[in-house]
Amino acid sequence: MADKHLIQYDDILRFSTACFQAMGTSDEGARIVSEHLSLNNLYGHDSHGMIRIPQYYDATQVEFCNATAVPEILRESDTTAVIEGHRAWGQVAAYQATEMAIAKAKKHGVSAVTLRNCYHLGRAGAFTQQAAQEGFIAQFYCGCFGGSRLAPWGGTEARLSTNPMSIAIPTRGEPVLIDLTTCAMPEGKIRVARNSGAELPLGILLDRDGKDTTNPADLYDGGSILPLGGTLMGHKGYALSLAVELLGSILSGGGPSWPGRYQGNAAFIQVVDPTTLEDRETFYDACEEVFKNMRESPRKEGVEEIFLPGEIETRRELERRQTGIPVDATTFGLLEDTAKTLGVEFDI
């Protein structure tokens, strides 16, 4: 078997959609989840792409996810809402929550929506990007309950989840998209490294005994991830992770991240219309001055260009549409096994 398989975006999208339909998801729900995963591969976020399909199928078998569930609005006001996910696909629930937040911000200038009890919602940046592309500033804090991964600063055992967050800011061009996990490396990228047989740098993981390790498999054998900033500045990542825990999990009603309940996601979403605070063109002019100043900075040796957050993904999308999306042999084999289990043609 080849070490890497190059697969076209349209093929990934078609295959993914067939898999989710075979799990019992509606055509619209299957489209939403599949587009989310396939676009993540296209942007270079393979940790949140088709590698997740076997995991998602397994989740439906242990009732972490209800492939046919429909999210429900529990309560709302002019500017707020609380959505119960009923263990639905996280992407379906999160896109609905974000659309509601955008609609409320269009009318009232600002909104805040919480989402609880959905399955893994994927890449947080997809939802802030959704709002920013319509001209809104958006913040998204994703709480993850039922599966601790992150050791607190100074600790040696996982007590928090990866707790990702995203902020997107509209511009005249593509939004500035800040999308990060509050641990030293996203769990999905550690999953990719494990499947690829790669080692990690020191300062990312601790093994089950609390010792530094470079073996990604140690995370799945009782290990933990260090906070963003690693061994030197991890107190900052720890503080961010705790903030996301309190907003994305606790305020939303999702609950804390430690084990003992089913695994899922919750979120806190805030959307702001910048024109309620500043004239749009004035804001965009000032943003472009900032961007120009960043790009004109003297560069370190070997650095050809200074990017804004989100620009690398835009470049990678163009590249991968032409060359295809690389998938490692282990992931390819797991996808083939899942396709056989679901009775889906493995035609990628």
With r defined as the distance between the Cβ atoms of E199 and I306 and R0 fixed at 22 Å, what FRET efficiency is calculated, to the nearest 0.05? 0.15
Between beta-carbons, use under 14 Å as the cut-off and find the net charge around T314, counting Lys and Arg +1, Asp and Glu -1. -3
Which of the three applies to the stretch 211-274, rounded, prolate or oblate, going by the alpha-carbon gyration tensor with a ≥ b ≥ c and a/c under 1.5 meaning rounded? oblate
Here the membrane-span-like helices of the chain, with no claim about any membrane, defined by DSSP H, Cα axial extent at least 15 Å and mean Kyte-Doolittle at least 0.5, are 230-244
Net charge around P170, counting only other residues with Cβ within less than 13 Å of its Cβ (Lys, Arg = +1; Asp, Glu = -1)? -4
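Evaluate 2.2 N^0.38 Å with N set to the residue count of the stretch 59-141, then give the Cα radius of gyration divided by it.
In units of the 2.2 N^0.38 Å rule of thumb, it is 1.09.
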Charge dipole (debye, nearest 20) of the stretch 221-348; +1 at Cβ of Lys and Arg, -1 at Cβ of Asp and Glu: 480
Summing Lys, Arg as +1 and Asp, Glu as -1, what charge do residues with Cβ under 9 Å from the Cβ of V327 carry, V327 excluded? -1
Stokes-Einstein at 37 °C, 0.692 mPa s, Kirkwood radius from Cα pairs: D for the stretch 215-348 in µm² s⁻¹? 158
Per DSSP H run of n ≥ 4, the term is -39500 (n - 2.57); total these for the chain, divide by its residue number, and report the mean residue ellipticity at 222 nm rounded to 500 deg cm²/dmol. -12500 deg cm²/dmol
Go through 176-187, 308-319 and give me the packing order, highest mean Cβ count within 10 Å leading. 176-187, 308-319
For the pair L246 and D279, the simple spin-label estimate (label points 7 Å beyond Cα toward Cβ) gives in nm 3.9
Fully extended, how many nm does the chain gain between R295 and D209 (0.36 nm per residue separation, minus their Cα-Cα distance)? 26.5 nm
By the Kirkwood definition, with r running over pairs of different Cα atoms, the stretch 118-162 has a hydrodynamic radius in Å of 12.4
In µm²/s, what is D for the chain at 10 °C and 1.306 mPa s, where D = kT/(6 pi eta Rh) by Stokes-Einstein and Rh is the Kirkwood radius from Cα pairs? 76
How big is the charge dipole of the chain about its Cα centre, in debye rounded to the nearest 20, if each Lys and Arg gets +1 on its Cβ and each Asp and Glu gets -1 on its Cβ? 600
Note down the magnitude of the dipole of the stretch 1-134 about its Cα centre, charges +1 on Lys and Arg C-beta and -1 on Asp and Glu C-beta and zero elsewhere, to the nearest 20 debye. 280
With point charges of +1 on the Cβ of Lys and Arg and -1 on the Cβ of Asp and Glu, referenced to the Cα centre of the chain, which listed residue (G264, A30, G333) lies farthest in the positive direction of the dipole? G264
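Laboratory data are not the source of any read-out in this text; all were calculated from the coordinates shown. Remember, it's a predicted structure, so these values are computed and weren't measured experimentally. Because the Cβ atoms are built from the backbone with ideal geometry, glycine has one as well, and the counts that use them run over all protein chains shown.
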